[in-house]
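For reference, the structure I am asking about is given below.
The values are calculated or read from the model by the stated rules, or taken from the named source; none is laboratory data. None of these values were measured; they are calculated from a predicted model. Methodologically, a virtual Cβ is constructed for each residue, glycine included, from the backbone with ideal geometry; neighbour enumeration extends over all protein chains shown. In case anyone asks, the SASA skips ligands and DNA or RNA and just uses the protein heavy atoms, side chains included. Shrake-Rupley method; radii C 1.70, N 1.55, O 1.52, S 1.80 Å.
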Amino acid sequence: TVIGMRYSVDVYRRFPEEVGGLIVPIVENGYLFLLSDDAAVAAARVRVAMQRSVGLDEVELLSASEAAARFPFVDPGAIAGATWCPSDGFLRPSVVYGEAASSARVRGVTLIQGAPVDGARHSGGRLTAVQAGGEWFEGDLFVDATNIWSPRLAPILGAEVLPIAPTKRYLWFLVRGGSMSAAELLAMPMVVGPTGAYCHPENADTLMTGLAHDAESEPDFTYDDQDLLEGAFDHRSGADSKAYDAWLSLAEVMPPVGEFAGIHATTSGYYGVTPDHNPFLGFDRQVPNLVRLAGFSGHGAMFGPFCARVAEVLAAAGHDVPTIEVLGRQVSMAPFSVGRKFDGPPLGRAG
């Protein structure tokens, strides 16, 4: 995963050259993980060693005082340490998807929107055509990149139903206030706090926040359910809202965030969560000319360039391959296999 993400960062840096447009969609403010205790520091030390072993040389393990010296908004008394990687970043999805769509059209791709697949034809066990929007489309190779819709699409295609759980997630937007300047907010990295609350600057006056929380799978969701706000997560429901839990959690380790002026918006959507939080990247076990790229557990946009590389290799091979060469290294495809086995908590709950 680390090698694949390094590849994705490289592609996003070169996005105007590789895809089009004028804007580089990755904001490389870095990632700062704040650690709660000695056990978390010990686990981070192992993780940093692994990351360095596969070429992420710039990642560091910091003491609490070192973290506060580099990031004055951090309270060193509230953490035991931190990990810091300056080459990490967060994405501008509208740039990624908008420019990619424009580039695809220029290169002769036909994009059809608002036309769900509702039929399929097969011959000799292979998929030969799909129906969408009342029109049939033939092909030799098909790709399922439908994420939370994949379990519904699979029976139509005659494919294996993969364990992908549509799991609701929320984002809240805080208005800058207090001692933090606009320039300081814009320079803030993506920060992940000890409790799972996280944040990054949306613009000079807005901090986007989120919170890892237990949630049940919603397999029967409707399209409109994506924007339906449950009361416990809507900032307008008052101080008992999870929005304020996230804000308080971040303020405990970053006191200037506690001075912000308030929360002005809540948004929501679904992650396509798999039991081990890795996506499925490979050929379907029932339909031999169908590639499955789904189940990104919240990391779909950053996985995008890596998945495109995987899809390119699979399309050329016509079958699953054991490894993919990325950045001069061989990446095992076993953790992403469609047929991998799972251990751990039951599907449908995501921390």
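Percent relative contact order of the chain, based on C-alpha pairs within less than 8 angstrom and at least six residues apart? All intermediate terms of the calculation are to be shown ahead of the outcome.
Details: 675 pairs, mean separation 67.6, N = 351.
Relative contact order, the chain: 19 percent.
So how long is each side of region 187-228 along the principal axes, counting just the alpha-carbon atoms, biggest first, in Å?
If we take the Cα atoms of region 187-228, the spans are 40, 24, 10 Å.
A follow-up question, please. How much length is gained if the chain between ALA182 and LYS341 is pulled fully straight, taking 0.36 nm per residue apart and subtracting their Cα-Cα distance, in nm to one decimal? Mind dumping the intermediate values first?
Values: separation 159, 0.36 × 159 = 57.24 nm, distance 4.76 nm.
Extra length available between ALA182 and LYS341 comes to 52.5 nm.
Could you give me the ³J(HN,Hα) list for region 248-254, computed from phi with Karplus coefficients 6.51, -1.76, 1.60 and θ = phi - 60°, whole Hz, x at Gly and Pro?
Coupling constants for region 248-254: 4, 4, 5, 5, 5, 9, 10 Hz.
Hey, of [x] 24.6; [y] 18.5; [z] 26.5, which did the structure itself give for mean projected area of the Cα convex hull in nm² when calculated?
The value matching this structure is [y].
Only Lys, Arg, Asp and Glu count, each charged at its Cβ (+1, +1, -1, -1), so figure out the dipole size of the chain about its Cα centre, rounded to 20 debye. Display every interim value, and only then the final one.
Values: 25 positive and 41 negative charges, 161 e Å.
It works out to roughly 780 debye.
Arrange the residues LEU157, LEU61 by how much accessible surface each exposes, largest first, with a 1.4 angstrom probe.
Working: LEU157 10, LEU61 55 Å².
So the residues, ranked largest to smallest area, are LEU61, LEU157.
Roll a 1.4 angstrom probe over the protein heavy atoms and tell me the percent of accessible area of region 1-65 that is carbon or sulfur.
Working: 1840 of 3270 Å².
Solvent-exposed carbon and sulfur of region 1-65 make up 56 percent of the total.
Between ARG329, ARG70, ARG285, which gets the highest mean-square fluctuation from a Gaussian network model of the chain, Cα cutoff 10 Å?
Among ARG329, ARG70, ARG285, the largest GNM mean-square fluctuation belongs to ARG70.
Please give the per residue accessible area of the chain, computed with a probe of 1.4 Å over protein heavy atoms only, in Å². It would help to have the intermediate numbers written out before the result.
Working: 16680 Å² over 351 residues.
On a per-residue basis, the chain sits at 48 Å².
Another question, then. For the charge dipole of region 30-184, defined by +1 on Lys and Arg C-beta atoms and -1 on Asp and Glu C-beta atoms about the Cα centroid, which residue among TYR97, GLY133, ALA165 has the Cα displaced farthest towards the positive pole?
Result: GLY133.
Okay, moving on. On the principal axes of its Cα set, how long, how wide and how thick is region 118-196? Give whole Å, largest value first.
Here the spans come out as 67, 26, 20 Å, largest first.
As a test of reading the structure, rank HIS213, HIS277 by solvent-accessible area (1.4 Å probe, protein chains only), most first.
Values: HIS213 20, HIS277 85 Å².
Order by accessible area, largest first: HIS277, HIS213.
In square angstrom, rounded to the nearest 10, how much accessible surface does LEU32 have for a 1.4 Å probe?
The value for LEU32 is about 0 Å².
Quick one: among SER102, SER87, SER249, which has the greatest mean-square fluctuation in a GNM of the chain with alpha-carbon springs under 10 angstrom?
The residue that fluctuates most here is SER102.
What are the ³J(HN,Hα) couplings of region 46-60, residue after residue, when phi is run through the Karplus curve with 6.51, -1.76, 1.60 and θ = phi - 60°? Round to Hz, x for glycine and proline.
5, 5, 5, 4, 5, 4, 5, 5, 10, x, 8, 5, 7, 6, 9
Then there is this: Please list, in chain and number order, the residues 5+ apart from VAL273 or on another chain whose amide H is under 5 Å from its amide H, with Hs placed from the backbone.
ALA165, THR167, SER297
Any idea what the dipole of region 130-283 comes to, in debye rounded to 20, about its Cα centre with Lys/Arg Cβ at +1 and Asp/Glu Cβ at -1? Intermediate results must be reported in sequence, preceding the final value.
Details: 6 positive and 22 negative charges, 86 e Å.
With Lys and Arg at +1 and Asp and Glu at -1, about 420 debye.
Exactly which GluC sites (Glu not before Pro) in region 48-80 are in a DSSP loop and have at most 13 other Cβ atoms within 10 Å?
GLU58
Gaussian network model of the chain, Cα springs within a sub-10 Å range: biggest mean-square fluctuation belongs to which of GLY196, GLY108, GLY298?
GLY108
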